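Have a look at the structure below, then the notes.
The values are calculated or read from the model by the stated rules, or taken from the named source; none is laboratory data. Predicted, not measured: the structure shown is a model, and the values here were computed from it. Counting neighbours? That spans all protein chains shown, and the Cβs are built from the backbone with ideal geometry, glycine included.
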Amino acid sequence: MELQQARAVLDTLAQGFHPVTGVLLDADSPYCDPTVIRALFTAARALEDRDGPPAALPKVPSSRRAAAPNQGKPWAPEDDAKLDAAFAAGADLKPLAQELGRSAFALEARLVKLGRLAPRSGMRFPSAGTAV
C-alpha cells in the first residue's frame, strides 16, 4: 500500500466513515472514540509531513443517508415540549424525528440532555447534569 493510500484510509476513518464502503461508522465503534480520532489524525498528518499533501479521500457512495434537515440547529422550546410529551406517552419517536427534521439518535441525545434518559455507552457528549 502506498503512503498516500494509507493517509486516505486514516483520514476517512478519522472522519467517521468506513474507508472501503463509505458508510458512516456506528457511534459505539472504537473509531468514534475521541482519543482514537486524534490518533488517526496525528498519524495521517505525520504521513503527510513525510510524503507531501494528502491523497484524495475515497468517494463516499451515494447510498449514504442524507443529513436530517435540522441537524446541528438549536432546539426550539416547542420541539422540546413535543419530544417530552411523546416520550412520556410512550409514542414511537421515529415519526416525530421526521416531523422535527432530526435523526432518531438526535432525539435520544436530546432526551439525555433533558434528563429523561440515561446516556448509553458510546454517547459522546456531556451527561444530563450539565448545562444544555
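Structure notes:
Table: residues versus (1) surrounded by fewer than 12 Cβ atoms within 10 Å (Cβ to Cβ); (2) modelled with pLDDT of 75 or more.
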| residue | (1), (2) |
| --- | --- |
| PHE17 | no, yes |
| VAL20 | yes, yes |
| PRO30 | yes, yes |
| PRO34 | yes, yes |
| ALA39 | no, yes |
| ALA56 | yes, no |
| GLN71 | yes, yes |
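- The numbered conditions (1) at pLDDT 90 or above; (2) part of a helix (DSSP H, G or I) are all true for LYS94 except (1).
- Being exposed (fewer than 13 other Cβ atoms within 10 Å of the Cβ), at pLDDT below 80 and in a loop (DSSP other than H, G, I, E, B) is a property that ARG64 has.
- Residues that are in a loop (DSSP other than H, G, I, E, B) and under 12 Å from the mean Cα position of the chain (by Cα), drawn from segment 1-22: GLN15, GLY16
- Segment 30-44 residues that are more than 11 Å from GLY16 (Cα to Cα), paired with ones that are part of a helix (DSSP H, G or I) and among the charged types (D, E, K, R) (beta carbon under 8 Å, 6 or more apart): PHE41/ASP11; ALA44/ARG7; ALA44/ASP11
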